[in-house]
There are 2 protein chains.
Amino acid sequence: MLEPNFEKGNGLIPAIVQDYDTGEVLMLAYMNREAWLKTLETGKASYWSRSRNSLWIKGETSGHFQTVREIRIDCDEDTVLLKVEQAGAACHTGYRSCFYRKITAGGVEIVGERLVDPEDVYK
Amino acid sequence: MLEPNFEKGNGLIPAIVQDYDTGEVLMLAYMNREAWLKTLETGKASYWSRSRNSLWIKGETSGHFQTVREIRIDCDEDTVLLKVEQAGAACHTGYRSCFYRKITAGGVEIVGERLVDPEDVYK
């Protein structure tokens, strides 16, 4: 199986996460080789947390797992695109997508949909 | 205007590029502050080339410019999502999207659409 090039990014590649059905871009996270293999093995998206320096199974705290339906790899083989079925909200703020704000001339405008109160999820 | 946090990525942020009309993810590139400001000023996507170490106006060689219709910023303010009108092909290989290959158990399967022969574009 083709494996991404983890060397270029010092062991990490960005993973773009897109809703399989709607095409909405949900988030971007990083994977090391361990997270990549874990994702392939389990079918649930796993990442490498740069802030916590640890493997992170998306949804393990919140229950908002991402079931991977398709994986694309880019021309340079240093970025992957995961098409997923998202349970609940992708964003830790409770919005469906992390990209819930549009940049405008005056600042930002909230355009995303808040699904859950993060205080109910991360206790 | 809200500005991305360039510090976390040593001066660079990833920019996900999505087709404004179809929602197809076209590519991922990196921006420094100069590329960010250039994009805002011109309305055409500009990036920072990590391999050439220079500002890169997407389309300046190929003519395949990206007209930015909307910019989203993520919860952590360290990733942006550009929704663009893509002229021609986003990928230097001639495919519309850089994510033209799907990873399968057996290897990869080409699922993207090749629009142009790169030899005709990059002479």
Give all pairs with beta carbons closer than 6 Å in which a residue from segment A:2-18 that is farther than 17 Å from A:Ile57 by Cα meets a residue that is part of a loop (DSSP other than H, G, I, E, B) and at pLDDT 95 or above; count only pairs at least 6 apart in sequence or on separate chains.
A:Pro4/A:Glu77; A:Asn5/A:Glu77; A:Asn5/A:Asp78; A:Lys8/A:Asp78; A:Gly11/A:Asn32
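Is one or more of the residues making up segment A:28-42 of a type in the set (D, E, K, R) and within 10 Å of chain B (Cβ to nearest Cβ)? Spell out how you get there, then give the answer.
The initial filter retains those residues of segment A:28-42 that are of a type in the set (D, E, K, R), namely A:33-34, A:38, A:41.
With the extra rule that they be within 10 Å of chain B (Cβ to nearest Cβ), the set shrinks to none.
Checked segment A:28-42: no residue is of a type in the set (D, E, K, R) and within 10 Å of chain B (Cβ to nearest Cβ).
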Go through A:Arg69, A:Arg101 for me and flag whichever is touching a Lys or Arg at 6+ places or on another chain (Cβ under 8 Å), on the phi < 0 side of the Ramachandran plot and surrounded by fewer than 16 Cβ atoms within 10 Å (Cβ to Cβ).
A:Arg69
Per-region count, segment B:27-71, residues among the basic types (Lys, Arg) and farther than 20 Å from B:Asn5 by Cα:
4
For B:Ser49, indicate whether it is of a type in the set (Gly, Ala, Ser) and touching a Cys at 6+ places or on another chain (Cβ under 9 Å).
no
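Can you find even one residue in segment B:15-28 that is of a type in the set (Phe, Trp, Tyr) and open to solvent by less than 20 Å² (accessible area, probe 1.4 Å)?
Quick first cut of segment B:15-28, residues of a type in the set (Phe, Trp, Tyr) only: B:20.
Applying the additional criterion that residues be open to solvent by less than 20 Å² (accessible area, probe 1.4 Å) yields none.
No, there is no match, as no residue in segment B:15-28 is of a type in the set (Phe, Trp, Tyr) and open to solvent by less than 20 Å² (accessible area, probe 1.4 Å).
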Unmet requirement for A:His64, which otherwise passes all of (1) surrounded by fewer than 17 Cβ atoms within 10 Å (Cβ to Cβ); (2) under 15 Å from the mean Cα position of the chain (by Cα)
(1)
Is it true that some residue in segment A:29-36 is open to solvent by 40 Å² or more (accessible area, probe 1.4 Å), within 15 Å of the chain's Cα centre (by Cα) and not charged (D, E, K, R)?
no
Can you spot a residue in segment B:26-36 that is assigned to a loop (DSSP other than H, G, I, E, B) and among the acidic types (Asp, Glu)?
no
Those residues that are part of a loop (DSSP other than H, G, I, E, B) and within 11 Å of chain B (Cβ to nearest Cβ), I need them from segment A:51-88; list them, please.
A:Ser51, A:Asp74, A:Cys75, A:Asp76, A:Glu77, A:Asp78, A:Thr79
Look through segment A:89-106, keep the residues that are under 16 Å from B:Asp74 (Cβ atoms) and among the small types (Gly, Ala, Ser), and return whichever of them is nearest to the other protein chains (Cβ to nearest Cβ).
A:Ser97
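Does A:Val111 count as within 12 Å of the chain's Cα centre (by Cα) and on the phi < 0 side of the Ramachandran plot? Talk me through it step by step, then tell me what you get.
Numbers: within 12 Å of the chain's Cα centre (by Cα): no; on the phi < 0 side of the Ramachandran plot: yes.
For A:Val111, the condition - within 12 Å of the chain's Cα centre (by Cα) and on the phi < 0 side of the Ramachandran plot - is not met.
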Considering only segment A:37-50, state which residues are buried (at least 18 other Cβ atoms within 10 Å of the Cβ) and part of a strand (DSSP E or B).
A:Ser46, A:Tyr47, A:Trp48
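The values are calculated or read from the model by the stated rules, or taken from the named source; none is laboratory data. Just so you know, these numbers come straight off a predicted model, no measurement behind them. Note that we place each Cβ from the backbone using ideal geometry, even for glycine, and neighbour counts take in every protein chain shown. Heads up: the accessible areas ignore ligands, DNA and RNA and are worked out on the full protein's heavy atoms, side chains in. Shrake-Rupley method; radii C 1.70, N 1.55, O 1.52, S 1.80 Å.
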